[in-house]
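Values in this text are rule-based calculations from the coordinates and carry no lab data. If you're wondering where the values come from, they're calculated on a predicted model, not measured in any experiment. FYI the Cβ positions are ideal-geometry reconstructions off the backbone, even for glycines, and counts take in every protein chain you see.
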Amino acid sequence: MYDVVIVGAGVMGSATAYWLSRAGKRVALLEKYSPGHVRASSADESRMVRYQYRGQTLYTEMVAAAVELWKEFDRRSGAGFYREQGALALQARPDNPPFMEGYEGLLELGYEPVWLDGDEVRRRYPHFTNIDSGYLLEGLGGYVAARTATQALAESAAELGADLRTGAEVTELRESGGRIARAVTQDGSTFEAEDFVIAAGPWTPKLLPDLAIPIRSTAERLHYLSPPDHDAYSYPRLPPFFVMDTNFYGFPVHWRGCVKVADDTIGATFDPDRDREHEDEEAVAKLRDFLRRHMPGLSDAEVVYSKTCTYSMTPDADFVIDYLPDRANAIVAAGFSGHGFKFGILIGQILADLAMRGTTRWDLTRFRLDREPAAMDGHW
Ligand SMILES: Cc1cc2nc3c(=O)[nH]c(=O)nc-3n(C[C@H](O)[C@H](O)[C@H](O)COP(=O)(O)OP(=O)(O)OC[C@H]3O[C@@H](n4cnc5c(N)ncnc54)[C@H](O)[C@@H]3O)c2cc1C
């Protein structure tokens, strides 16, 4: 018998296990593969932390709170996963609405993004061409080395007493008396608990097929390139960046001496259990087009590694954090829609608070299962 059973050891489940274990709760963390495995959304080397959210105060406040928690956990664990390098926002054409709303939203919230006209972008960041303008929030944001952070959270939870089970796929959530009573894994083992947290990422619809907010697993391609000049493509000469109206974004040299460049366009539906390290010529051709136009110094750079990752898209790109209908002891946290990692350690704290006390200081109305999702207009 546990206090809380958590399904899924991605960043969300691992962070929940960490906070609950730190509070002395008896926790089982059940993971179908292993924390930070290649198929998980949390598995990659870099996830951007940016404060701009088109003036959406809740998200920006959550980013600021999450950053403090990331830094504290990074110090405590010694894992060294947080890179405070800022985030450079660029647009190829003037007045792109999401870009401008992001900039103006930061000003309204009291931040001081530095506006860069085209000449200033070229002077500071000669890596880019055909850019109209940009802005930089100096010293705020950057990226988290995602796989390292996820594994550090799961390992810290285990050190604090959590029962971490790998190769444990939950195939059934068994009910009794209007509550979830136990999780059953593929080998027939059962895990009983007072409360359950389901943080199964893009696999969520497999375990919970009838959620009121649909979650679609989509294919997203990312590429690691070997730059011609390491220093020129390393921080601080190149910070994490995105060219918003192209959907491409990237990170300075970090993993295996490579720059990462990836495409944020919402892709086709993709089974998260599928192989994802296969070649994708179409995606590489699209990457080369972007590089030729906007980062010509990389247009012939060797693609050292490339893979498909999966977003868990909701129709409005807002998260799902809510109790399952009529199940007061089971919370689902899913649908992080390609922008959830930065919040991971905070979401874990929120889920732990809900499991322990039934409340959180955060207003979760926006993430409820009974909302009417409006179609998403561009990016957050
Ligand atoms: C290419 C890409 C780029 C991204 N970029 C950013 C970014 O720059 N900034 C940002 O903030 N966010 C970004 N994101 C989003 C972010 O990575 C995700 O929102 C976040 O990692 C989701 O974490 P999760 O724990 O919900 O899911 P996952 O990491 O997928 O974890 C779910 C876990 O549950 C396990 N599981 C599933 N079903 C079961 C079961 N039945 N039994 C047991 N275990 C199970 C899985 O094996 C998996 O380990 C990006 C995502 C992708 C794919």
Full-stretch length increase - Y323, D119 - with 0.36 nm per residue and alpha-carbon distance subtracted: 68.4 nm
Degrees separating the helix 281-294 axis from the principal Cα axis of the chain, which is the longest one: 40
Candidate lysines - alpha carbon under 24 Å from K342, same-chain residues fewer than 8 apart omitted: K32, K71, K260, K307
Helix 97-108 vs. the chain, principal-axis angle (Cα, 0 to 90°, nearest 10): 80
Estimated FRET transfer efficiency when R0 is 41 angstrom, pair S176-L58 (beta carbons, to 0.05): 0.70
Length-normalised contact order of the range 1-117 in % [C-alpha pairs under 8 Å, at least 6 apart]: 22
Order of M100, M313, M244, M12 - criterion: other Cβ atoms within 10 Å of each residue's Cβ, fewest first: M100, M313, M244, M12
Gaussian network model of the chain, springs between alpha carbon atoms under 10 Å - residue of R274, R50, R83 with greatest fluctuation: R274
Percentage relative contact order, the chain, counting C-alpha pairs under 8 Å, at least six apart: 24
Relative contact order of the range 96-184, pairs being alpha-carbon contacts under 8 Å that are 6 or more residues apart, as %: 16
Separation of the N247 and D275 label points, Cα + 7 Å toward Cβ, nm: 2.5
Alpha-carbon centroid distance for the pair the range 300-349 / the range 1-49, whole angstrom: 13
Derived scalar couplings ³J(HN,Hα) [the range 134-144; Karplus, 6.51 cos²θ - 1.76 cosθ + 1.60; whole Hz; x for Gly, Pro]: x, 8, 9, 9, 5, x, 10, x, x, 8, 10
With Cα atoms, 0 to 90° folded angle of helix 11-22 axis to the chain main axis: 50
Within the chain, percent of DSSP bridges classed antiparallel, to nearest 5: 75
Gaussian network model of the chain, springs between alpha carbon atoms under 10 Å - residue of G118, G86, G78 with greatest fluctuation: G78
Fluctuation leader among P113, P228, P205 - the chain, Gaussian network, Cα springs under 10 angstrom: P228
